[in-house]
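Working notes, structure below.
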Amino acid sequence: MSGKLKPVSGTRQPERLRVRGRRRERLRVRERERMAELDPRAFRMPAEWEPHAATWLTWPHDEAHWPGKFHVVHPIWARMVKELETGEDVRIIIHDDDTECIARAAMDKAGVVGRRVHLHRAPNNWSWVRDHGPTVVVNAHGERRLLHWRFNGWGEKWPHDLDATVPFAIERATGIPRVEIPMVLEGGSIDVNGAGTLVTTASCLLNPNRNPAMSKDAIEGALCKHLGVAHVIWLDHEVAGDDTSGHVDDMTRFIGPRTVLTVVERDAHDENHAALAANARTLAAARDQDGRPLDVVTVPLPAPVIHDGTRLPASYANFYIANDVVLLPVFNDPADTAAALALARAFPTRRIAAIDARDLVWGFGAFHCVTQQEPLAAT
């Protein structure tokens, strides 16, 4: 007989038809998975270069955070506000009346216009809003959420009772619903490309002083679930002087959907050399969420910055990308120029505001550590 056999109801199908049926079912499953990814209520963490509604800062209030240099950090905060206010709202967490007086005086002296500057009263321990503030995620339906991670003072190293309450204040100020996440995470420990890939460090996220009861797979699963990513790149190590167990924002940052900037140490005898070279090799072999290789841009570290006998975590990777400006920490070093050029090539429509950070980094952080973006809701 010629022609294709048609199965009779209740009879066994030929093997080739069963195989085709299984293939069709796999295709249907894949299509359902793809549609789930396109669910307008699925939230994701946007890349830092995507549009902001605002940048959040926490104004310094405790001299113990910058011993002997507390008076010089206020002009740095005012300079940040002046640079940021041209492109977005600037929301500043203020600890108390004295802090507000200091902040207003510093901003007036810096020539801050102030029309887009908003002060919000909330007690706090530290000025590192990147870590004690929530992560804002968005979806295609125009909704936003504040992810309120647990904050334990960088592994129970420092007081954090007031910092742990900051996300409540931001919820009150913005009206964005807050979601508590049962996992310790600091914003400086992660960076995303906005398309499904996240980079972090094992030295921080897998440190037993953060989430000792969670396995690597469980931590990665939580990152994917809450931040809308599909792929995690794990680095290791930390920049010398870092007191966070290796925040990635002092080493490696996305500057495009497939491009990362990573710092390297050219002096083979320096304590940073081997660790940062290993990270660069990991990135060279890494892939994005679609299996494509990354473009890796390397920038040398400045010469060691030492204060009071302590090496500080001076790094060009701790920049912050705002709507129309990139805040770049510089250190009066010949390598400052290379860092500025790399960011100018990555963000040709933004100003590169190179700001001396030698005093700021005495607090063991720079511009990325002291900022937190509030992404614009999708329209």
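The values are calculated or read from the model by the stated rules, or taken from the named source; none is laboratory data. The model shown is predicted, which means the values in this text are computed figures rather than measured ones. Quick reminder, even Gly has a Cβ in these numbers, built from the backbone with ideal geometry, and neighbours come from all protein chains shown.
Taking the numbered list (1) in contact (Cβ under 8 Å) with a residue 24 or more places away in the chain; (2) surrounded by fewer than 17 Cβ atoms within 10 Å (Cβ to Cβ); (3) of a type outside the set (S, T, Y) in turn, D108 passes all entries but (1).
For every residue, the table says whether it meets (1) surrounded by fewer than 18 Cβ atoms within 10 Å (Cβ to Cβ); (2) modelled with pLDDT under 95; (3) acidic (D, E); (4) part of a loop (DSSP other than H, G, I, E, B).
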site	(1), (2), (3), (4)
E220	no, no, yes, no
L223	no, no, no, no
H226	no, no, no, no
D242	no, yes, yes, yes
A277	yes, no, no, no
A317	no, no, no, yes
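For the range 198-218, the condition holds for at least one residue, the condition being that it is crowded, with 18+ Cβ neighbours inside 10 Å, of a type outside the set (V, I, T), within 20 Å of V138 (Cβ to Cβ) and under 16 Å from the mean Cα position of the chain (by Cα).
Out of all the residues in the range 45-66, which are closer than 20 Å to I102 by Cβ and either of a type in the set (D, E) or free of Cβ contacts under 8 Å to residues at least 12 places away in the same chain (or both)? Those that are closer than 20 Å to I102 by Cβ and either of a type in the set (D, E) or free of Cβ contacts under 8 Å to residues at least 12 places away in the same chain (or both): D62, E63, A64. With respect to F319, is the statement that it is out of contact with any Gly (no Cβ under 7 Å at 6 or more places or on another chain) and touching a residue at least 60 places away in the same chain (Cβ under 8 Å) true? It is true that F319 is out of contact with any Gly (no Cβ under 7 Å at 6 or more places or on another chain) and touching a residue at least 60 places away in the same chain (Cβ under 8 Å). Checked against the criterion of being of a type in the set (A, V, I, L, M), assigned to a loop (DSSP other than H, G, I, E, B) and surrounded by fewer than 23 Cβ atoms within 10 Å (Cβ to Cβ), the candidates A268, A284 yield just one match: A268.
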